[in-house]
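Notes follow the structure.
The values are calculated or read from the model by the stated rules, or taken from the named source; none is laboratory data. Remember, predicted model here, so these are calculated numbers, not experimental data. As a convention, Cβ positions derive from the backbone with ideal geometry for all residues, glycine included, and neighbour counts pool all protein chains shown.
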Amino acid sequence: MEAQKIIITGGATRIGAAIAESLSGFNKEIVIQFNKSKKSAENLKKKLTLNGTKVYLIKADLSKDKDVQKIVKFAKTKLKYFDCLINNASLFENDKLENFSSDSWENHISTNLKAPAMLSKGFSKNVRGKITI
């Protein structure tokens, strides 16, 4: 099965944008989450729209539970269900074993593990196919 309704976290730049481009096409719908890359997200939307993709942008900080819930509500409104979730978002903090803090650890866990689990849970009745985290 080829995915038709896709959610990509961190989808506005770098690898996330490349993934969005490769999955885009006629009859595809993609929700792209970004945090600080609004201009890049808007430019990507313009580009993907040219090949028939419906693109929905949402600004959200994945380290904040309320923002993750905002994505769930937004994506349910736009997509109704999804058949592909790509958790591409990540933090670029220079943490090392010698200098990480509880706060930086929590930010990493929230963004990289907790957010995709919450997204999946929020869509548990709106998924077509299998979710693997």
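Quick look at the numbers
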| quantity | calculated |
| --- | --- |
| Selected residue (criterion: nearest to GLN69 (Cα to Cα)) from residues of segment 95-113 that are outside any loop (DSSP other than H, G, I, E, B) and either touching a residue at least 60 places away in the same chain (Cβ under 8 Å) or of a type in the set (D, E, K, R) (or both) | GLU106 |
| Boolean, LYS80 is at positive phi, over 14 Å from the mean Cα position of the chain (by Cα) and touching a residue at least 12 places away in the same chain (Cβ under 8 Å) | yes |
| Number of the exception - ASN27 against (1) within 20 Å of TYR81 (Cβ to Cβ); (2) out of contact with any Leu (no Cβ under 7 Å at 6 or more places or on another chain); (3) part of a helix (DSSP H, G or I) | (3) |
| Qualifying positions in segment 1-24 - assigned to a loop (DSSP other than H, G, I, E, B) and either surrounded by fewer than 21 Cβ atoms within 10 Å (Cβ to Cβ) or under 14 Å from the mean Cα position of the chain (by Cα) (or both) | MET1, GLU2, ALA3, GLN4, GLY10, GLY11, ALA12, THR13 |
| Sole exception among (1) of a type outside the set (Asp, Glu); (2) at pLDDT 90 or above; (3) under 11 Å from the mean Cα position of the chain (by Cα); (4) more than 17 Å from GLY122 (Cβ to Cβ) for SER90, by number | (2) |
